[in-house]
């Protein structure tokens, strides 16, 4: 069953439905519709760095935050660089990056907090959004994983940081993999596959319980290239890090197959907007 389900009241706002039992947490993913932006950023782009009108970006961010019950002062994000750095967000960091790029966490692809009232956000147009929540320690995390962040094991880095900083036990952590480019559309060359194959050796005994998929297959259009399943690769990395397979939710949405609903960097040749993933612990 698809875990990211449309929220009523917005053209496309996907909530992580299996986590609804944890009423203190909100998590989900935006689509491309229903915002203020003009082509080619039409219309719910929430990222400053793509060249969109900053006023439209701010309008879209405010609309999303308000719909989730948070203020713009809660919106917290990083400048993503396809790395594996995880920033621990304190009360003093609340709101970093909300209104300007300069105030965001720099060179940061992962955010982690136990502070209620902080809305962690990151931005996507094919890369994989990763969600983490420890309901025991009440710690929430968000990570951006393109192929570089994936093979750098940012998912494992998130689990390690949750353990070291907050005392989380991997067996208690819930995780989710959100809408991103699927193996149906993600064609990669030998340079990327060299890194994937090196990582695969460390995952030889790790597979998704009951739902194992191939990590890659040969491209039908070009024998020198491969079709890569980034979602499955991140899922196996999560399991390697100690997260129980039954605690991982994985979407079926492909952003490249559905450009009427999502921005796709690859399908739209790099000129497009960005969706937003979010996770936040609500204030009492």
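Does at least one position in the stretch 148-158 carry a residue that is at positive phi and in contact (Cβ under 8 Å) with a residue 12 or more places away in the chain? Even if it seems obvious, please write down each step before you answer.
Just the residues of the stretch 148-158 that are at positive phi, to begin with: 153.
Next cut, in contact (Cβ under 8 Å) with a residue 12 or more places away in the chain only: 153.
There is at least one residue in the stretch 148-158 that is at positive phi and in contact (Cβ under 8 Å) with a residue 12 or more places away in the chain.
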Taking the stated definitions as given, is residue 283 closer than 26 Å to residue 71 by Cα and either in contact with a helix residue (DSSP H, G or I) (Cβ under 8 Å, 6 or more places away or on another chain) or surrounded by fewer than 20 Cβ atoms within 10 Å (Cβ to Cβ) (or both)? yes
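Any idea which of 95, 83, 28 is modelled with pLDDT of 95 or more, surrounded by 16 or more Cβ atoms within 10 Å (Cβ to Cβ), assigned to a loop (DSSP other than H, G, I, E, B) and touching a strand residue (DSSP E or B) at 6+ places or on another chain (Cβ under 8 Å)? Explain how you work it out, then say what you get.
Numbers: 83 fails: touching a strand residue (DSSP E or B) at 6+ places or on another chain (Cβ under 8 Å); 28 fails: assigned to a loop (DSSP other than H, G, I, E, B).
Among 95, 83, 28, only 95 is modelled with pLDDT of 95 or more, surrounded by 16 or more Cβ atoms within 10 Å (Cβ to Cβ), assigned to a loop (DSSP other than H, G, I, E, B) and touching a strand residue (DSSP E or B) at 6+ places or on another chain (Cβ under 8 Å).
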Out of (1) without any contact (Cβ under 8 Å) to a residue 12 or more places away in the chain; (2) in contact with a strand residue (DSSP E or B) (Cβ under 7 Å, 6 or more places away or on another chain); (3) farther than 23 Å from residue 264 by Cα, what's the single condition that is false for residue 197? (2)
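Within the stretch 232-256, track down each residue that is within 14 Å of residue 154 (Cβ to Cβ) and either without any contact (Cβ under 8 Å) to a residue 40 or more places away in the chain or in a helix (DSSP H, G or I) (or both). Give the steps one after another, and end with the answer.
First, the residues of the stretch 232-256 that are within 14 Å of residue 154 (Cβ to Cβ): 233-238, 240-241, 243.
Listed by number, the residues that qualify are 233, 234, 235, 236, 237, 238, 240.
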Considering (1) surrounded by fewer than 22 Cβ atoms within 10 Å (Cβ to Cβ); (2) touching a residue at least 40 places away in the same chain (Cβ under 8 Å); (3) within 22 Å of residue 152 (Cβ to Cβ); (4) in contact with a strand residue (DSSP E or B) (Cβ under 6 Å, 6 or more places away or on another chain), say which one residue 114 fails and leave the rest. (3)
Can you tell me which residue among 59, 103, 67, 107 is modelled with pLDDT under 95 and either surrounded by fewer than 24 Cβ atoms within 10 Å (Cβ to Cβ) or closer than 25 Å to residue 254 by Cβ (or both)? 67
Hey, could you check the stretch 117-147 for residues that are in contact (Cβ under 8 Å) with a residue 40 or more places away in the chain, crowded, with 18+ Cβ neighbours inside 10 Å and farther than 29 Å from residue 41 by Cα and say which is farthest from the chain's Cα centre (by Cα)? 134
For the stretch 70-80, enumerate the residues that are in contact (Cβ under 8 Å) with a residue 12 or more places away in the chain and surrounded by fewer than 19 Cβ atoms within 10 Å (Cβ to Cβ). 72, 73, 79
Going through the stretch 219-236 one residue at a time, which ones are at pLDDT 95 or above and over 19 Å from residue 266 (Cα atoms)? 232, 233, 234, 235, 236
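The values are calculated or read from the model by the stated rules, or taken from the named source; none is laboratory data. Keep in mind the model is a prediction, meaning the values are calculated, not measured. Cβ: placed from backbone, ideal geometry, glycine included. Neighbour counts: every protein chain shown.
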